[in-house]
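The values are calculated or read from the model by the stated rules, or taken from the named source; none is laboratory data. Note that the structure is a prediction, hence the values are computed from the model and not measured. Neighbour counts run over all protein chains shown; Cβ positions are idealised from the backbone, glycine included.
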Amino acid sequence: MTAEPPAELAEVAGGFIHEIKNRVGTLSLNLQLLAEDFADPRTPRERQALDRVGRLSAECQKLVDLASDFLRFARVHDLKTEPTALDAVVSRVVDFLSPTARRVGVEIRWFPAPDLPPVRLDRDLFEQCLLNLMLNAEQAMPDGGTLTLTAARDADGVCLDVIDTGCGIPPDQLAKVFRPFHTTKASGHGLGLATTRKIVLAHGGTIGVQSEPGRGTKFTVRLPALGGEGVNG
């Protein structure tokens, strides 16, 4: 028996997830209607029922979020790449995230080398990848801190570092951070970093992590460089 190609598996996964989301959507709607029936609870029993309906609605939303995350993970295969200036892509994500990061005490700094060669990127997917890394870093600094991004030439490619001053990752967890469904967060699904790694690998790159508990974490993305092609900023 031959294995199904990634595109076909992604299509099957997409249909499966779509059906799940439809069923959960129907369940959520009925829970909302039930909550309206208990909108003015007058007895302890009714208040308890309303509380349970609220918890069930929250779990339904978690299922929808998990399904969406899994679908993004499954569909990373057929990239639409073009020659791109990495500086422009990173600057766009930094500009997008900086206002909300400042509100939680996180300062974002971006230091690109002036001689960065172009790279081939699926811009939408790579922005998602970078946003995953930056949000992960922000969440690791609940009391504020600094998120520093640097990029420089690296042999035949470009090296992009994403460095935070957060809580760090315990040594026994480092080898597991890119595994699907592995998470140490109470509200996480464990697909963010797994999807990030899959996107980087699909671009022909590599990703690694170094961390020291109490001092911070550095994710390093290496991408192959291009030469002689027009670049989209």
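Contact annotation: residue pairs with Cβ atoms under 8 Å, 6 or more positions apart or on different chains, pairing a residue in region 55-70 that is assigned by TED's automatic domain parsing to the domain that holds SER28 with a partner that is at pLDDT below 80 and among the basic types (Lys, Arg), are VAL64/LYS21; ALA67/LYS21; SER68/LYS21. Candidates are the residues of region 201-216 that are under 16 Å from the mean Cα position of the chain (by Cα) and assigned to a strand (DSSP E or B); the one that is farthest from CYS167 (Cα to Cα) is ILE207. Scanning region 121-139 for any residue that is loosely packed, with under 14 Cβ neighbours inside 10 Å, over 16 Å from the mean Cα position of the chain (by Cα), in the same structural domain as HIS203 (by TED's automatic domain parsing) and not in a helix (DSSP H, G or I) turns up nothing. Only a single item in (1) at negative phi; (2) of a type outside the set (A, V, I, L, M, F, W, C); (3) without any contact (Cβ under 8 Å) to a residue 60 or more places away in the chain is not met by GLY168, and it is number (1). Cβ-Cβ distances below 7 Å connect the following pairs, each with a first residue in region 132-146 that is within 10 Å of VAL106 (Cβ to Cβ), a second residue that is of a type in the set (D, E, K, R) and surrounded by fewer than 20 Cβ atoms within 10 Å (Cβ to Cβ), and a separation of six or more residues or different chains: THR146/GLU107; THR146/ARG109. Considering region 1-118, the qualifying helices (runs of 4 or more DSSP H), each wholly inside and each with 1 or more residues that are over 19 Å from the mean Cα position of the chain (by Cα), modelled with pLDDT under 85 and within 30 Å of ALA151 (Cβ to Cβ), run over 6-37. I'd like the residue in region 152-170 that is of a type in the set (A, V, I, L, M), surrounded by fewer than 21 Cβ atoms within 10 Å (Cβ to Cβ) and more than 19 Å from the chain's Cα centre (by Cα) and, out of all such residues, is modelled with the lowest pLDDT. Only one residue fits best here, namely ALA155.
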